[in-house]
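Values quoted throughout were computed directly from the atomic coordinates according to the rules given, and no laboratory measurement underlies them. What you see is a predicted model, and the numbers here were worked out from it, not measured in a lab. Methodologically, a virtual Cβ is constructed for each residue, glycine included, from the backbone with ideal geometry; neighbour enumeration extends over all protein chains shown.
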Amino acid sequence: MLVDKKFVPRHKAGFVLCHWLNGISFLMLFITALPLYDPNYFGFLYNALGTSTLQNAHKFFAVIFIVTPIIGLFIARDGYSMLIGQVLKFNKDDMTFLVKFPGELLGQDPKMPKQGFYNGGEKMNIALQMALWCVLVCSGLVLWLGSGIIDNSVRAWMIPVHSIAAGIGFAAALGHIYLAVGVNPDSLQGMKNGTIKADYAMHHHGAWVDELVAEGKVTKKELEEAVH
Amino acid sequence: MAKEMAMLHDVARCSACRACMVACKQWHNLPADFSTPFEGQYQSHADLTSKTYNLIKMNERTDKDGKFHWDFIKIQCMHCQDPACMKGCPEGAISRLDSGAVVIDEEKCVGCGYCTTNCPFNVPRVDPDRNKSTKCDLCFDRIENGMIPSCAKTCTAQAIDFGTIEEMTALANKRIEEVKKDFPNANLYGIGPATEGVGGTHMMYVLPEKPSVYGLPENPKTPASIDLWKDVVRPIGKIAGVGAAAGIAGLFVLSKMMGKKNH
């Protein structure tokens, strides 16, 4: 059934919360590390807030970043299994989507194959974020807690590895935010209450909406009424 | 001080009296350090700390012939010629002086601990209270005023010597000849192939046995990861950061323009 006759339920509250926790902790981790990356441009953060404050904040948000997917296994099991399940089902339609996507990015409206719960680009982002989470968490923990346990010849390598992973993650985050805010602002509602407009869902996740109809979760009539 | 200096610890002469530890604390105004509880051991502290820059390590060892040895070694900053801490410091807070002393400028230090992570000898310690990195500074202030470091000054057994790098190398080679009569493996640590990876060190040792016996790395190296981070990751990251922001702004404008044409 649609919510308020207009919106398709997409994410459960626990999953919405995990997305916020992950996003905020990642951005805060990035910001609190910036002065270490370039003291000339970002040294003012140390001067304004104090070195210990920033370093302790980095550790605080690191804990949130690490535990979010673990909490997610309890409060958002469906959402996380969907993430993993969808990434493993990368198919021909996803490839077609990726090939045609630059057109959409440039403001055109190419004929896309119907996309599932996540489209080809989203699947790539999910896979990348999962890999980066592992790299960031492992290298970060080795730097934070590895002193005296792991040899410095290994620990020293974690500095560039952590930096590179953070850089790639930030670039991906910029793209992710741009696509949401700049290209598909209708998708943002999913971050608020987990629903998206029916016509957005049909346009961008047609195959998924078809599944919902087939499962009887949403009816065709409802959708038609919502769109018109 | 234009001359390159060096300190020599002759492990064969050291009696582990620890006067050097006391002298170091006095000169640097360091408080007593109760970080290691007394459990009957001879060694005073388990490791270097932000309050203990200089430590005499004591180790009981039985060699392959069943002979008992009591090993003493003075550990502190090695004052590398190619210091990994200096290269790895994102704030440029660490420098190597003409004397060879590697020193930390506390004004610039932010306590990130990258110096500790990069150090092949795992020496610098960040003081948790002040959030500043700390280590032996070779008493650079004493050297600049014509004095020798406090640990060398106080050593009664002449196990710690200090002078120009040439003098210390000559003295070390002489001592090694003597030690070799009893310990054929005796070697000089700090100059030569063993420490080539860090460009040699201004802290040198006469070691009766091979370095690993005393817990010294056999082949310390200034890690290549520092160069990767400083010369590649940071500059490319900066360009990529600006590029990504500009790219997204451009894309936004372009999509609005092309979108308009289509509709």
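Mean sequence separation of contacting Cα pairs (under 8 Å, at least six apart), scaled by the length of segment A:89-178, corresponds to a relative contact order of 24 percent.
Measure up B:51/B:174; B:3/B:181; B:132/B:210; B:57/B:132; B:64/B:135 against 30 Å on the Cα-Cα distance and list the ones that go over.
Table pairs above 30 Å Cα-Cα are B:51/B:174; B:3/B:181; B:132/B:210; B:64/B:135.
Ranked by how many other Cβ atoms sit within 10 Å of their own Cβ, fewest first, the residues B:212, A:139, B:95 fall in the order B:212, B:95, A:139. For residue A:92, a cut-off of 27 angstrom between C-alpha atoms picks up these lysines, skipping any fewer than 8 places away in its own chain: A:100, A:111, A:114, A:123, A:197, A:217, A:220. From least to most packed, judged by other beta carbons within 10 angstrom and beginning with the fewest, A:122, B:60 follow the order B:60, A:122. Once the Cβ-Cβ distance between residue B:39 and residue A:177 is put in as r, and R0 is 45 Å, what FRET efficiency do you end up with, to the nearest 0.05? Working from the Cβ atoms, E equals 0.25.
Annotation for segment A:164-222 versus segment B:113-138: alpha-carbon center distance of 48 Å. Roughly how tilted is helix B:165-180, in degrees to the nearest 10 and between 0 and 90, from the longest Cα axis of chain B? So the inclination is approximately 50 degrees.
Evaluating 6.51 cos²θ - 1.76 cosθ + 1.60 at θ = phi - 60° for every residue in segment A:4-21, the Karplus couplings come out as 6, 6, 10, 10, 8, x, 10, 10, 7, 4, x, 6, 4, 4, 4, 5, 5, 4 Hz, glycine and proline recorded as x.
In this calculation the C-beta distance from residue B:245 to residue A:215 is compared with R0 = 41 Å, giving a FRET efficiency of 0.45. Once backbone amide H atoms are built at 1.01 Å from N, residue B:94 has B:105 as its partners under 5 Å, excluding neighbours fewer than 5 places away on the same chain.
For the pair residue A:137 and residue A:153, the difference between a 0.36 nm per residue extended length and the Cα-Cα distance amounts to 3.9 nm. Taking a ≥ b ≥ c as the square roots of the Cα gyration tensor eigenvalues, with a/c under 1.5 meaning rounded and otherwise prolate when a/b beats b/c, else oblate, which class fits segment B:224-263? Note, shape of segment B:224-263 comes out prolate. Going from the residue with the fewest nearby Cβ atoms within 10 Å to the one with the most, A:158, A:95 rank A:95, A:158. Note on segment B:1-65 and segment A:1-67: Cα centroid distance 44 Å, given to the nearest whole angstrom. Between residue B:15 and residue B:224, the simple spin-label model (points 7 angstrom out along Cα→Cβ) gives 4.8 nm. Among the trypsin sites (Lys or Arg not before Pro) found in segment A:16-118, those both in a DSSP coil and sparsely packed, with 12 or fewer other Cβ atoms within 10 Å of their Cβ, are A:89, A:111. When segment B:224-263 is described by a simple charge dipole with +1 on each Lys and Arg Cβ and -1 on each Asp and Glu Cβ, the residue from B:248, B:236, B:226 located farthest towards its positive end is B:248. As a calculated quantity, the FRET efficiency between residue B:95 and residue B:181 at R0 = 56 Å, using C-beta atoms, amounts to about 0.85. Computed about the Cα centre, the dipole magnitude for chain A is approximately 240 debye when only Lys and Arg (+1) and Asp and Glu (-1) carry charge, each at its Cβ. Compared with the dominant principal axis of the Cα atoms in chain B, helix B:19-28 is inclined by about 40°. Its Cα centre serving as origin, chain B has a Cβ charge dipole (Lys and Arg +1, Asp and Glu -1) of approximately 1040 debye.
Annotation for segment B:15-103: chymotrypsin sites (Phe, Trp or Tyr not before Pro) lying in DSSP loop with at most 10 further Cβ atoms inside 10 Å of their Cβ are B:34, B:38. Only the Cβ atoms of Lys and Arg (+1) and of Asp and Glu (-1) were treated as charged; on that basis the dipole of segment B:224-263 about its Cα centre amounts to roughly 320 debye. A cut-off of 5 Å between modelled amide H atoms, ignoring neighbours fewer than 5 places along the same chain, links residue B:80 with B:202.
Under a 5 Å amide H cut-off, with hydrogens placed 1.01 Å from N, residue A:196 pairs with A:8, A:10 among residues at least 5 apart or on other chains. Taking every DSSP bridge with both residues inside chain B, close to 85 percent are antiparallel. Take every Cα pair under 8 Å whose residues are at least 6 apart in sequence, average their separation, divide by the length of chain B, and the relative contact order is 24 percent. Once C-alpha pairs closer than 8 Å and six or more residues apart are averaged by separation and normalised to the residue number of segment A:117-228, the relative contact order reads 23 percent. Dividing the summed -39500 (n - 2.57) terms of all DSSP H runs of n ≥ 4 by the residue count of chain A sets its mean residue ellipticity at 222 nm at -24000 deg cm²/dmol. Given their separation in residues at 0.36 nm each and the Cα-Cα distance between them, residue B:252 and residue B:196 gain 14.8 nm when the chain is fully extended.
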